[in-house]
Structure formats: structure tokens, C-alpha cells
1. Conditions: (1) at pLDDT 90 or above; (2) farther than 11 Å from residue 23 by Cβ; (3) aromatic (Phe, Trp, Tyr). Residue 179 meets all but one. Number of the miss?
2. Pairs under 9 Å by beta carbon, first residue surrounded by 15 or more Cβ atoms within 10 Å (Cβ to Cβ) in the range 66-79, partner among the small types (Gly, Ala, Ser), six or more apart or different chains?
3. Within the range 182-195, track down each residue that is modelled with pLDDT of 85 or more and over 20 Å from residue 222 (Cβ atoms).
4. May I ask you to list the residues in the range 100-138 that are touching a Leu at 6+ places or on another chain (Cβ under 8 Å) and free of Cβ contacts under 8 Å to residues at least 40 places away in the same chain?
5. Of the residues that sit in the range 103-135 and are among the hydrophobic types (A, V, I, L, M, F, W, C) and at pLDDT below 80, which one is nearest to residue 45 (Cα to Cα)?
6. Can you tell me which residue within the range 15-29, out of those that are under 21 Å from residue 179 (Cβ atoms) and surrounded by fewer than 21 Cβ atoms within 10 Å (Cβ to Cβ), is nearest to the chain's Cα centre (by Cα)?
Amino acid sequence: MTGVPGLDELIEGGFRRGQVISVSGTSGSGKTTFAVQFLVNGAMMYNEPGLYITLGEQKKQIFANMLRYGWDLKKLEEDKKILFVEYPPYEIEVFLSQEVVIRDSVEMVGVKRLVIDPVSSLLMGYGDEQKRRERLLRLLERLRSLGCTSLMTSESGGIDAKVPLGKFEVELFSDGIIYLYNKKKESRRQRGLEVIKLRGTKHSSKTCPIEFTDHGIEVYSNKEF
């Protein structure tokens with residue numbers, strides 16, 4: 001189970017072990033919050049250690065931002081409940097060459113949940129589409145081989161298409177797509193969540209409103225977006 005209030009009932013109880021899920025959306029839609037909440041819930045509710053690989057925002061900034069939800073990530077890291085690994089953009093190639101280090105981290109603390117935020121950082125250096133696709137497919141193969149449930153966040157260009165996709169269309173190759181909306185309605189913005197794809201699951205097809213509460217994201221499956 002993800003432990004995100006209102007989500008698990010939309011996806012028949014949660015994500016399957018070993019699946020790779022894309023969490024997409026425009027800026028400000030809540031991708032990082034969703035990903036961190038997934039790991040925090042795993043560590044605190046289900047005794048499932050997590051690994052968070054940040055390829056953009058600094059770890060200390062994530063720690064500070066998430067305190068507003070009552071999530072003490074520093075303490076969770078000290079207790080080896082969640083490992084946080086930070087790779088600045090100029091060290092992306094280092095990350096790509098450290099599969100053994102990542103696998104050792106997974107095995108050391110028994111990691112069951114893994115996040116890469118954002119996965120697009122791994123693909124930006126490849127101008128050739130074929131090389132990007134090969135890199136992505138290798139990454140997905142590695143993630144699935146770890147036996148974790150993995151989330152990859154990616155920035156979407158918008159919601160005009162029938163199936164909103166990120167710049168590099170990583171969602172097409174994942175096992176599931178969770179799309180987070182951040183739409184302007186009259187004088188305010190409204191956020192929502194849609195399960196676009198989830199292999200092996202008879203998931204809900206409705207778009208549900210979400211709110212950022214004092215305890216993280218909450219999905220309201222009984223309301224209209």
C-alpha cells in the first residue's frame with residue numbers, strides 16, 4: 001500500500017513489488033511531496049526502508065521543506081529508515097556508473113521503496129533520441145532487478161494531449177503513470193490526481209481532487225475535480 005490517503009482504493013490496494021511508476025505533472029503539482037510521502041509512509045507505516053535519489057534539489061532543502069508535514073527526514077535517515085543520496089547535475093554520469101553502490105545500499109538496509117527525482121535529469125545530456133531511449137530502458141531494467149517498488153518523477157509540458165507525457169516520454173515505458181494536475185480555475189488553482197496507467201490493476205479512471213494537508217497529500221475520491 002502507498003499509504004497516501006484516498007489513493008490505494010483507486011488502485012486495488014497499492015503498487016506491486018518491482019513495478020516502476022512514473023509520477024508526472026507540471027511545476028507545483030506536488031511530485032516531490034508525493035514521492036517523499038510514499039517513502040515516509042513505507043518507513044513509518046509498513047516497515048519498508050526507502051532510498052531517495054535526488055538529481056536536482058539539494059537534500060537539505062528537501063529536508064527543510066518536508067518539515068511542514070511533520071516528516072523529520074534527518075531522523076529517518078539517522079535511523080536508516082530512508083537513505084538520501086544527492087547527485088548535482090554535473091555528477092549525473094557518476095550516478096550512472098554507480099549501479100553497484102546503489103545495489104549495495106538497497107541490500108544493506110533492505111530497501112523496498114526507491115525514488116528518482118527527477119528522472120529527466122538522467123536523459124537531458126543525450127541529444128539523440130535513440131540513445132536516450134536505450135539509457136532509459138537500461139535504467140528501468142536495473143530498477144526492476146532490484147526488487148523495489150520505484151517511483152520516477154518527471155516534468156510534464158502540459159495537459160493538452162489525451163495522455164499527458166513528459167519531455168522524454170519516460171511514462172510510456174513505465175508500469176504505471178500517476179499524473180498530478182495543477183490547473184487554474186477562475187481566481188484559484190486546483191490540484192488533482194489521475195491514474196492514467198497501472199499494469200495488472202483495474203484502477204479508477206476518474207480524476208480526483210487532492211489537497212496538501214498538514215500531513216501530506218490527501219486524495220478525495222468521492223469528489224469531482
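The values are calculated or read from the model by the stated rules, or taken from the named source; none is laboratory data. These figures come from a predicted structure and were not determined experimentally. Glycine gets a Cβ as well: all are built from the backbone with ideal geometry, and neighbour counts include every protein chain shown.
1. (2)
2. Every condition considered, the pairs that remain are 66/216; 69/216; 71/216; 76/43; 76/50.
3. 182, 188, 189
4. Scanning the range 100-138 gives 132, 135, 136.
5. So, considering only residues that are among the hydrophobic types (A, V, I, L, M, F, W, C) and at pLDDT below 80, the one nearest to residue 45 (Cα to Cα) is 122.
6. 19
For (1) of a type in the set (Phe, Trp, Tyr); (2) in contact (Cβ under 8 Å) with a residue 60 or more places away in the chain; (3) crowded, with 19+ Cβ neighbours inside 10 Å, each residue gets a yes or a no:
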site	(1), (2), (3)
12	no, yes, no
34	yes, yes, yes
42	no, yes, yes
51	no, yes, yes
88	no, no, no
